[in-house]
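Trainee: Structure in structure tokens, see below.
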Amino acid sequence: VLFLQIVHILNMTSAKIVSFLLHPEESLHSLQNRIEFETGISTGNQELLLETGICLDPRKPASQCVIDGVRGWDSYMVYLFDKSKTVYDGPFASRSLSDCVNYIVQDSKIQLPIPQLRKVWAEAVHYVIGLKEDYSRLFQGQRAAMLSLLRYNANLIKMKNNMVSASQQLKAKLEFFHQSIRLDLERYSDQMAYGISSEKMLKAWKEMEEKASQCAQAEDIGYLDEQIMALHTEIVELQKSPYARRQGEVMESLEQRAIDLYKQLKTRPPDHAYSDSTDMVKIIVQTVQSQDRVLKELFGHLSKLLGCKQKIIDLLPEIEVALNNIKEADNSVMQMQGKRQREIWHLLKIACTQSSSRSLVSPSLEGASSAPAAAWPPQSSSGNTAPHPLSSLAAPEDGENFADVIRENVNYLELFSSILQEVRQEQSSMMVS
């Protein structure tokens, strides 16, 4: 018997307890199917919480519902909630009276012998204690719901902080991107008159600027932040609410009064005296009324807890979508920034190539213009061509130097042509990209 594993499930929607004998190595899904058969709550809508507010892990066996050891194993509860409902409004009937207790409740002034009255009052005391214990178990279920809500809220705060951090990083990158592309456009416009120009590249840069403005929409998370802050305020108010604390003081005092009344009856001698049950019935009625009041408050507070929890469940996917949008916008901005920087370095490469080609061509052009002038015979002051004596003709050595200059100029011309062709190819490839 000591090795048997029994799990007690308190159905918070009906305030009733159902118990199951666990089979060896039974899975949680199998237990949920049995719970569905007993309570009518489908497995998909079942939420099983431990007293600590931790939801049962479907990957673990059903034995996780039972605590280790013997002490307290028969009073340990698992709390069942219906995820399809956020309002628990009852009605929740009190536990039924036994026949003998119901007999004195119907007529509290009836006279009964002391020995029989002891038995009836003992059951009455047990009934009053049971009402208080029923409330205590339901309060523990409400507390488990509160702890579960706080766990969800902690996860919400963590996701919100990640979202806010990512949004701030995106905002900073967008500001840097806008400032840098404006400066690039200004400097590009300044050099167009004497430098390099590309209408296609200019159009691409302006499209980048417009796309970056569209990416700024992803950083707008104000509407989500407002909902989260309002929800956080609501949760704090629920924690401060007096209904979040145990309200069974009246029932506990009534329980003690019933016990004291029974002790007084027990000390009376078992003679042939008779007595009525007016005082005990009054305690029973007050206890039932007190339980009705505190249960109404308890389930009203529980409905607010479950409503907040459902709001968090609805918010989590929206935050996930917003976080993904921010990451996509961040990647897009970084790609545009890298592409623009590569294009700027490509323009710098073309400019350096053109500058080096001009520096190579200018000396060759000067040599080509000066050499023929030096070899060309000078004209007379009268404008007529002077006679060319034999002594004034170029010597064979001068003719060889002149041929070397021509060959050098031809080589420079071929080099200049190849450089110009490379520049045109690079410009055309940049236009296409």
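Trainee: For the stretch 215-369, what relative contact order do you get, as a whole percent, if you take Cα pairs closer than 8 Å and at least 6 residues apart?
Mentor: Relative contact order comes out at 41 percent.
Trainee: Percent of accessible area on the stretch 99-355 owned by carbon and sulfur, 1.4 Å probe? Could you put the intermediate results ahead of the total?
Mentor: Details: 7390 of 14160 Å².
Carbon and sulfur atoms account for 52 percent of the accessible area of the stretch 99-355.
Trainee: So what's the convex hull volume per residue for the Cα atoms of the stretch 6-82, in Å³?
Mentor: 87
Trainee: Could you look at the stretch 6-82 and say what percent of its accessible area is carbon and sulfur, using a 1.4 Å probe and all protein chains?
Mentor: 52
Trainee: Okay, next question. For the stretch 1-67 and the stretch 134-197, what is the separation of their Cα centres, given in Å?
Mentor: 40
Trainee: Counting only the heavy atoms of the protein chains, how much of Asp107 is accessible to a 1.4 Å probe, in Å² to the nearest 10?
Mentor: 80
Trainee: Working only with C-alpha atoms, what are the Rg and Dmax values of the stretch 99-355, expressed in angstrom?
Mentor: Expressed in Å, the Cα Rg and Dmax of the stretch 99-355 come to 37.2, 130.
Trainee: Using 25 Å as the Cα-Cα cut-off, could you pick out the over-long pairs in Lys263/Lys296; Lys132/Lys282; Lys60/Lys304; Lys171/Lys309?
Mentor: Lys263/Lys296; Lys60/Lys304; Lys171/Lys309
Trainee: Let me ask another. Can you compute 3J(HN,Hα) from phi for each residue in the stretch 48-63, using the Karplus curve 6.51 cos²θ - 1.76 cosθ + 1.60 with θ = phi - 60°, rounded to whole Hz and x for Gly and Pro?
Mentor: For the stretch 48-63, the Karplus-derived couplings read 9, 10, 7, 4, 7, x, 7, 7, 5, 8, x, 7, 9, x, 5, 5 Hz, x marking Gly and Pro.
Trainee: Calculate the FRET efficiency for Gln335 and Arg151 from the Cβ-Cβ distance with a Förster distance of 41 Å, rounded to the nearest 0.05.
Mentor: Once rounded, the FRET efficiency stands at 0.60.
Trainee: So, one more: Accessible area per residue of the stretch 99-355 at 1.4 Å probe, in Å²?
Mentor: In whole numbers, the stretch 99-355 has 55 Å² accessible per residue.
Trainee: Still on this structure: Taking Cα pairs under 8 Å and at least six residues apart, what relative contact order does the stretch 99-355 come out at, in percent?
Mentor: 45
Trainee: Once you keep just the Cα pairs under 8 angstrom separated by 6 or more residues, what percentage relative contact order results for the stretch 6-82?
Mentor: 43
Trainee: Arrange the residues Lys160, Lys263 by how much accessible surface each exposes, largest first, with a 1.4 angstrom probe.
Mentor: Numbers: Lys160 40, Lys263 120 Å².
From most exposed to least exposed: Lys263, Lys160.
The values are calculated or read from the model by the stated rules, or taken from the named source; none is laboratory data. For clarity, every value in this text was computed on a predicted model and none was experimentally measured. In this analysis, Cβ positions are derived from the backbone assuming ideal geometry, glycine residues included, and neighbour counts consider all displayed protein chains. Accessible surface is based on the protein model in full, side chains and every heavy atom, while ligands, DNA and RNA are left aside. Shrake-Rupley method; radii C 1.70, N 1.55, O 1.52, S 1.80 Å.
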